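Reviewing the structure listed below.
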Amino acid sequence: MNQKRFPVKLFLTILIATAIDLLASIQISRWAYGWLPIPASSAAPYVDDLFSLEVGIGAFIFIGCVGFIIWSVLFSRAEKYDESDGLPIEGNTKLEIIWTVIPFFVVMALAFYSIHVNETLATLGPKQKYDVAINQAPEAVATLDVTREVGPIEVISRQWSWEFIYPSGVRSSELHLPVNLRANFLLSSKDVIHSFYIPAFRLKQDIIPGSVISYSLTPTKEGRFRLRDAMFSGAYFSQNQTDVIVESEENYDAWLTRTAKRPMVKGLSPGTTLYEKRLKEGDRGWATVAPAPPPMVNDPGNPEAPHDS
């Protein structure tokens with residue numbers, strides 16, 4: 001009776017291929033950090049680490065599957081004119097158990113790590129939703145009990161413009177924040193659902209009409225970053241963008257003092273310009289609503305200034 005020998009050659013081949021796959025996946029997971037915008041908040045490292053881990057695991061599985069397919073095509077293909085049927089191989093119970101158990105543990109590990117990241121983000125930037133009438137006076141909203149390191153800064157979203165009101169009464173179309181201090185916001189919408197999304201901060205919060213949401217974040221890098229409306233809110237929602245300017249605390253205070261002396265002017269409202277162009281061309285195309293009037297602000301900002309991300 002012949003005993004089956006241990007397939008040393010096959011084992012070494014699989015071991016070497018797995019090691020190569022693992023090394024390639026680790027390198028790809030490191031590259032993944034560079035695929036994201038500049039990290040500029042205290043939340044960014046946690047989100048980036050989770051993204052890198054998911055990319056690494058995905059790369060390992062992808063490279064392994066593609067490598068196995070290529071190996072099969074090169075070394076296990078039938079002869080050119082071989083039209084015979086393959087061996088009548090039935091299911092392999094051990095293999096089926098393995099490829100069920102391993103993905104289960106991988107998915108569960110990712111789930112627990114994702115929960116941990118979400119819990120960490122919740123401690124860095126707590127939020128609370130208040131049911132408030134949409135036309136409630138700003139003075140009443142400002143009395144809501146939230147932590148005050150900087151702010152609360154009122155963030156008012158419209159179709160299609162942003163308005164920021166600081167505790168001193170200063171109003172702007174661009175958001176100014178001091179670096180390394182937690183900023184507290186009161187988010188509200190004047191019409192439909194919008195989304196407060198700053199890619200460099202790795203944070204996004206939907207803004208629900210008829211309510212005010214307290215929200216916090218801590219910028220950690222000076223620069224000019226982009227705030228985007230990530231929720232479809234009508235024809236010109238893609239234009240509902242503005243800049244977030246993170247600066248030193250001294251420059252932030254100086255900007256507030258300087259801006260408070262400026263007269264009120266029309267703020268940024270890119271959708272208004274596009275809508276006026278549409279009307280001049282005959283108001284053709286799909287139906288849309290007229291943009292809200294531009295907010296009156298002390299500082300309309302500079303939409304031509306280059307931003308970091």
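Annotations for the structure displayed:
- Within segment 3-47, backbone nitrogen closer than 15 Å to the virtual label 7 Å beyond the Cα of Y113 toward Cβ: 22-23, 25-33, 45-47
- The 3J(HN,Hα) values that the Karplus relation (6.51, -1.76, 1.60; θ = phi - 60°) gives for segment 196-213 are, in residue order, 8, 10, 10, x, 5, 8, 6, 10, 9, 9, 5, 10, 9, x, x, 8, 10, 10 Hz. Gly and Pro appear as x.
- Dipole magnitude of the chain about its Cα centre (Cβ charges: Lys, Arg +1; Asp, Glu -1), debye to nearest 20: 220
- Å³ per residue enclosed by the Cα convex hull of segment 45-91: 92
- Under 5 Å, built H, 5+ apart or other chain: amide partners of L227: T242, D243, V244
- Estimated from the Cβ-Cβ distance and a Förster radius of 22 angstrom, the FRET efficiency linking R226 and E276 is about 0.35.
- Length released on extending from I102 to Y33, taking residue separation times 0.36 nm less the Cα-Cα span: 22.2 nm
- DSSP-defined beta bridges in the chain - what % are antiparallel, rounded to 5: 75
- Here, P(r) means the percent of Cα pairs in each 5 Å bin from 0 to the largest distance; for segment 128-297 it is 1, 9, 17, 21, 20, 16, 9, 4, 2, 1, 0.
- Charge dipole (the chain, unit charges on Cβ, about Cα centre) - positive-most of G282, L203, P293: G282
- Top of T242, T120, T273 by mean-square fluctuation, Gaussian network on the chain, Cα under 10 Å: T273
- Amide H contacts under 5 Å for N180, placed H, 5+ residues apart: T220, K221
- (1) 19.6; (2) 20.2; (3) 23.6, with the label sought being that of the calculated Kirkwood radius over Cα pairs in Å: (3)
- Taking chymotrypsin sites (Phe, Trp or Tyr not before Pro) as exposed when DSSP calls them loop and at most 12 other C-beta atoms lie within 10 angstrom, the chain has its longest site-free stretch at 82-231.
- Lys/Arg +1, Asp/Glu -1 at C-beta; the chain dipole; positive extreme among I97, F237, V179: F237
Read the figures in this text as sums done on the coordinates, not as results from a lab. These figures come from a predicted structure and were not determined experimentally. Positions of Cβ are generated from backbone atoms using ideal geometry, with glycine treated the same way; all protein chains shown enter the neighbour counts.
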